[in-house]
Structure formats: C-alpha cells, structure tokens
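K.L.:
Okay, here's the structure, questions in a sec.
The values are calculated or read from the model by the stated rules, or taken from the named source; none is laboratory data. Here the structure is a predicted model, which means the values were calculated and not measured. All Cβ positions, glycine included, derive from the backbone under ideal geometry; neighbour counts span all protein chains shown. All accessible areas refer to the heavy atoms of the entire protein, side chains included, with ligands and DNA or RNA removed. Shrake-Rupley method; radii C 1.70, N 1.55, O 1.52, S 1.80 Å.
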Amino acid sequence: PPPVVTGGGTGTMCLDVASGVYDEVQPGSFCLMDGQYLALDRAADEPTFERSLHVLSTVLSRPVAERAVCDAGSKAVDLSGGLPVVEGGRAYRPGGDEHGVVDLAEGDKLAVGDKVRVSPAHCDPTTNMHDFWVLHRRGIVEAVVPVDARGPGL
C-alpha cells in the first residue's frame, strides 16, 4: 500500500475526512474561497471560510443614481462561473471586457474614483487572468507574489 493516501478538495473536504480513506486532504481553494464554494450547503458543525480573493476595482462613472460603472470587466474577473459580488453586497452585471456595472441602492454614496472589492464567483479562472497577487492585512500590503502557473497552455 502507498505510504500516504491524499486527495479530496474544498467542496468535499468534510466528507473526505469522515470517509477515513485519506491520510491527508487537500482542499486547495479554501484559502481563497469563492462564491461557488460559499453557496454549498454545509452542516452546522462544518468549518466555514471567508473570501480572501478580491479584485480591486475603480469606479469610472456614475451615469445615474442607481448605477455605477467600474473597471473590472470580463478580463479582470471570471464571469463563466457566475456573477461576482461587489463590496457592500452590491450586485454586479457584465459591462463588457473592460467594465462592470454595479447596481446601487437608493442613497448609495459610491463615487467616481472610489475603490471597491469585486469578489469572484470562481477563483481559479480569475487568478489565471492576473500576473500578481497583492497580499495585504487590514489594508497594509505585506507582499506581492507572482502568479507563475498562469495563462493558456501551462
């Protein structure tokens, strides 16, 4: 028999541990978390994780009171795995390759030039679109890490 049996994933990690089959479990996306994993049903005693992957976007325009346009389009955040959400619980709609449309509630003070975090529904293809991760703690940059294994054909 092999010395170590390893496997599993983020979406099945609790089932994998409970199975008794594995010596170690490799839930890879848990450290980033995304909308797809957060949407999975979990038992009350299962661990939950918070999102840590966001794309920092700038508000470019505020054409009407209920809408803003940001610079995070389909070239910045994956849309094939579902729509991202915008900081503050704001809804995101696709606005093309370069832009996203942010739906705003009445009285929302989001202004041109403001920065907002766009949280992807699927972390893997979003990561693949960027050259670097900017790691921060409470807004203070601690490191800039290249995303080495990215792009087509790797």
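K.L.:
Among the numbered criteria (1) closer than 21 Å to C31 by Cα; (2) surrounded by fewer than 15 Cβ atoms within 10 Å (Cβ to Cβ); (3) of a type in the set (A, V, I, L, M), which one does V64 miss?
P.N.:
Every condition holds for V64 apart from (1).
K.L.:
Quick check on region 12-30: of everything there that is in contact with a helix residue (DSSP H, G or I) (Cβ under 6 Å, 6 or more places away or on another chain) and of a type outside the set (V, I, T), which residue is most open to solvent (accessible area, probe 1.4 Å)? Before you say what the answer is, go through the steps one by one.
P.N.:
Filtering region 12-30 down to residues in contact with a helix residue (DSSP H, G or I) (Cβ under 6 Å, 6 or more places away or on another chain) leaves 22, 25, 27, 29.
Filter once more, keeping what is of a type outside the set (V, I, T): 22, 27, 29.
On the way: Y22: 79, P27: 22, S29: 18 Å².
Going through the qualifying residues, I end up with Y22.
K.L.:
How many residues are open to solvent by less than 50 Å² (accessible area, probe 1.4 Å) and assigned to a loop (DSSP other than H, G, I, E, B) if we restrict to region 1-11? Show your work before the answer.
P.N.:
Narrowing region 1-11 to residues open to solvent by less than 50 Å² (accessible area, probe 1.4 Å): 5, 7-11.
Going one step further and asking which of them are assigned to a loop (DSSP other than H, G, I, E, B), we end up with 5, 8-11.
So the count comes out to 5.
K.L.:
If I ask for residues that are modelled with pLDDT of 90 or more and either crowded, with 17+ Cβ neighbours inside 10 Å or polar (S, T, N, Q) (or both), which ones from region 41-59 would you list?
P.N.:
To start, the set of residues in region 41-59 that are modelled with pLDDT of 90 or more comprises 53-59.
Selection gives L53, H54, V55, S57, T58, V59.
K.L.:
Sort through D148, D131 and tell me the only one that's within 17 Å of the chain's Cα centre (by Cα) and open to solvent by 80 Å² or more (accessible area, probe 1.4 Å).
P.N.:
Values: D148 fails: within 17 Å of the chain's Cα centre (by Cα).
Result: D131 is the single residue among D148, D131 that is within 17 Å of the chain's Cα centre (by Cα) and open to solvent by 80 Å² or more (accessible area, probe 1.4 Å).
K.L.:
Let me ask you something else. So, of the residues in region 86-112 that are open to solvent by less than 50 Å² (accessible area, probe 1.4 Å) and β-branched (V, I, T), which turns out to be nearest to H54 (Cα to Cα)?
P.N.:
For region 86-112, the residue satisfying everything is V86.
K.L.:
If a residue has to be over 13 Å from the mean Cα position of the chain (by Cα) and crowded, with 18+ Cβ neighbours inside 10 Å to count, how many in region 72-85 make the cut?
P.N.:
Of the residues in that region, 1 qualify.
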